[in-house]
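Contents: one structure, followed by commentary.
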Amino acid sequence: MIRKLKTYLTGSVRRKLLAQIILVSVLPLIMIGIVYTVGSSIFVISGIQNNLRTEEGLVFAEMEERFGKAERLCRSLEENADVQDYLRRNFETKSERYSLELKAGGDLFSRVRDDEWIEGVYILGENGLMLQSGDKNFLTEDYQDFSWYRKTMASRGPCWYTAHKGSYIAGSVTEQVLTLCYPFRDAKSRKNIGVILADIDLAKFVSVLEGINFSEEGYYLLNSDNTIFYRTGSTAFLADYEQKIVKLLREHSAQIQNNKRSIVSIEEGNLMILVQKSSVTDWSILSHFFVLSNRYTVG
Amino acid sequence: MDKRLKKIHFIPALLLLAAALVLLSLFGREGEEGERVKNETDLRPRVVVSVVEKNKSWVNDFLYDLTKEEEAYEVIYHEPEKYTASWQEADLLSVIEEGACEYLILLPGARHGLEEILSAAGDQGIRVLLITKDAESFPGAAAYIEADYEAEGALIAQALIRAYEGQTCRIAVLRESQDSVISVLREKGFEKEIAGYENLTIADKSTGGGSLQTAISVMGDVIRNLGETGFDAVFACSGEDGLGAMRALESAGIRPGEECGLFSAGGKQDVEKAVIAGQYTASVRYEVSIGETVRGCLEALIGGAPAGSVRAFLVPVLFSGDTETEEGT
């Protein structure tokens, strides 16, 4: 075909001229098109990447603030003289204990009523006291055999638990709950005498983050092992992308682990991920940037 | 012009068109998403729960009881966009039309439209568990959970009548919401029961909203409006409203259960703690919780019980400070 065309175009002067005209008119157009396309793609991609970094920084800062706020709330309860007194008391009767639980529950309610994303705050004392900020039904009267309780009692600092259905403590059907378990230390004896537990409604927690998110696909939240435990946006997910992200996370886990409070960029082929690790929870936030040969998406 | 030459003129045009198409494809597919995949198919029977009660705490307790051993079925709760019977009817007809479930747990917001819903569900092979006061009026459901909310109101009224025998009592009523069928019927039962007693009068009626936060605020207003001595007892149509009233009374320096009687037609754990602690006079609860009762009926149906053969009654019992035991009706 090409040979035939070549023979035809070189057959006469007129045809040769025609071939030259085609070359002179079309080639520059194609060249300009290619240069424009490549240049624009680089410009757009770099712009998106910068925006993504800025947005991720904002989302991350908001998330850190909230994790920090939950811990500060628990610390303030631990340092509260009244609550210290409550957890040191011995109760002669159930009536006496219930009376205090209702009274102190009212105080706890006032402390968290403005933070909608905190679904509930509970204080469980070794003396049997069970306080809560809301009016949910406790699942049992004895939590001491639960692993999260034992782990917190044995620890010196807060323990964070990634998304799970419902509360560990009270009847709740909230689909995704993050839990902060905080050991309650007796200021006098310096021993742990109870556990403060804060349930965070993950949907409400991230809804505010999504408010400053320019991408519909949103973000991933990863636990300390870099396993994805939450993705914002749709419940369906981009399976192909996600497998690649998981692979990259596995390969670069040490790099992510060692870089707290700064964004780590990882690139492989057309995929770029940005990961930032929380210094409060040891979890990370991840956004990704996917470039195909002729298209890009941001997530 | 030579015909062959004419044809050749099309070549640059075609090349230009191709280049334009390439450029368009580069910029025209911005943000396109990859193929989305659905989660693994869940083969468990799907159970849609339809309740248009604004009291989230009550619904939360109900759903929790229903789902705590959920392995055998998948519960889908349709949170109402509007807490009205017409929203419920439209939502259910669409659920039924889509065949989105095999079982439907229905606490109807109104009698109107119920027959149509039951008939449509029957046509689609969806088995309905109907929570109702009058099962006989609505044939066609697979299971009936009968509740008499008026009787619950009457039962707590009897406790109040006994507590204030021979004394004058001005009652502040804290209803849950005008839209709540349960609340309206409990209030009706309560008022019917105290109607014959001249020593008992209604001093105020307010809407607590069925949540701790709103009830505290509303009861605070009631105390300000009536004055601390303007009422002797509070009747709340739900446990949440009762607990809110208790906190508001405490804030105002009134000792609930002692200086002011506190009664509610709905109970929950904190209400019972308050009764035991002497800060709440009495409440009504079910012998077996509504969630557990419904779960039992659902499991019977899933286990193969024939439609119409499953019936349960929610037995209201009094939980009072005098006895700390239950008195059946």
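Structure data summary
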item: Qualifying residue in the stretch A:69-79 (condition: more than 16 Å from A:Asp107 (Cβ to Cβ), in contact with a helix residue (DSSP H, G or I) (Cβ under 8 Å, 6 or more places away or on another chain) and of a type in the set (Lys, Arg)); result: no
item: Single condition B:Ala154 does not satisfy, out of (1) buried (at least 22 other Cβ atoms within 10 Å of the Cβ); (2) in contact with a strand residue (DSSP E or B) (Cβ under 8 Å, 6 or more places away or on another chain); (3) part of a helix (DSSP H, G or I); result: (2)
item: Test: residue in the stretch B:51-69 that is touching a Cys at 6+ places or on another chain (Cβ under 9 Å), within 14 Å of chain A (Cβ to nearest Cβ) and surrounded by fewer than 20 Cβ atoms within 10 Å (Cβ to Cβ); result: no
item: Search result, residues across the stretch A:164-182 that are within 14 Å of chain B (Cβ to nearest Cβ) and part of a loop (DSSP other than H, G, I, E, B); result: A:Lys165, A:Gly166, A:Ser167, A:Tyr168, A:Ile169, A:Gly171, A:Ser172, A:Val173, A:Thr174, A:Glu175
item: Helices (runs of 4 or more DSSP H) lying entirely in the stretch B:170-282 (those with 3 or more residues that are crowded, with 22+ Cβ neighbours inside 10 Å and away from chain A (no Cβ under 14 Å)); result: B:181-194
item: Which numbered condition A:Glu216 misses (of (1) modelled with pLDDT of 80 or more; (2) surrounded by 13 or more Cβ atoms within 10 Å (Cβ to Cβ)); result: (1)
item: The stretch A:182-206, subset under 18 Å from the mean Cα position of the chain (by Cα) and crowded, with 19+ Cβ neighbours inside 10 Å, residue farthest from B:Asp270 (Cα to Cα); result: A:Val206
item: Residue that is surrounded by the most Cβ atoms within 10 Å (Cβ to Cβ) [pool: residues in the stretch A:101-113 that are more than 7 Å from chain B (Cβ to nearest Cβ) and of a type in the set (A, V, I, L, M)]; result: A:Leu108
item: Residues of the stretch A:1-11 satisfying the condition of being at the interface with chain B (Cβ under 10 Å from one of its Cβ atoms) and of a type in the set (Ser, Thr, Tyr); result: A:Tyr8
item: Residues of the stretch A:132-163 satisfying the condition of being surrounded by fewer than 18 Cβ atoms within 10 Å (Cβ to Cβ), hydrophobic (A, V, I, L, M, F, W, C), assigned to a helix (DSSP H, G or I) and over 25 Å from the mean Cα position of the chain (by Cα); result: A:Ala154
item: Count - residues of the stretch B:61-84 that are in a helix (DSSP H, G or I) and touching a residue at least 40 places away in the same chain (Cβ under 8 Å); result: 7
item: Condition broken by A:Asp85, with the remaining ones in (1) part of a loop (DSSP other than H, G, I, E, B); (2) at pLDDT 95 or above satisfied; result: (1)
item: Test: B:Arg285 is within 14 Å of chain A (Cβ to nearest Cβ), over 30 Å from A:Asp115 (Cβ atoms), buried (at least 19 other Cβ atoms within 10 Å of the Cβ) and touching a residue at least 24 places away in the same chain (Cβ under 8 Å); result: yes
item: Inter-residue pairs, beta-carbon under 7 Å, first more than 7 Å from chain B (Cβ to nearest Cβ) and in the stretch A:13-42, second crowded, with 16+ Cβ neighbours inside 10 Å, 6+ apart; result: A:Arg15/A:Leu9; A:Lys16/A:Leu9; A:Ala19/A:Leu9
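Table: residues versus (1) within 14 Å of chain B (Cβ to nearest Cβ); (2) surrounded by 16 or more Cβ atoms within 10 Å (Cβ to Cβ); (3) farther than 23 Å from B:Met246 by Cα; (4) under 26 Å from the mean Cα position of the chain (by Cα).
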| site | (1), (2), (3), (4) |
| --- | --- |
| A:Asn50 | no, no, yes, yes |
| A:Glu55 | no, yes, yes, yes |
| A:Lys69 | no, no, yes, yes |
| A:Ser99 | yes, yes, no, no |
| A:Met130 | yes, yes, no, no |
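The values are calculated or read from the model by the stated rules, or taken from the named source; none is laboratory data. This structure is a prediction, so every number in the text was calculated from the model and none was measured. Note that we place each Cβ from the backbone using ideal geometry, even for glycine, and neighbour counts take in every protein chain shown.
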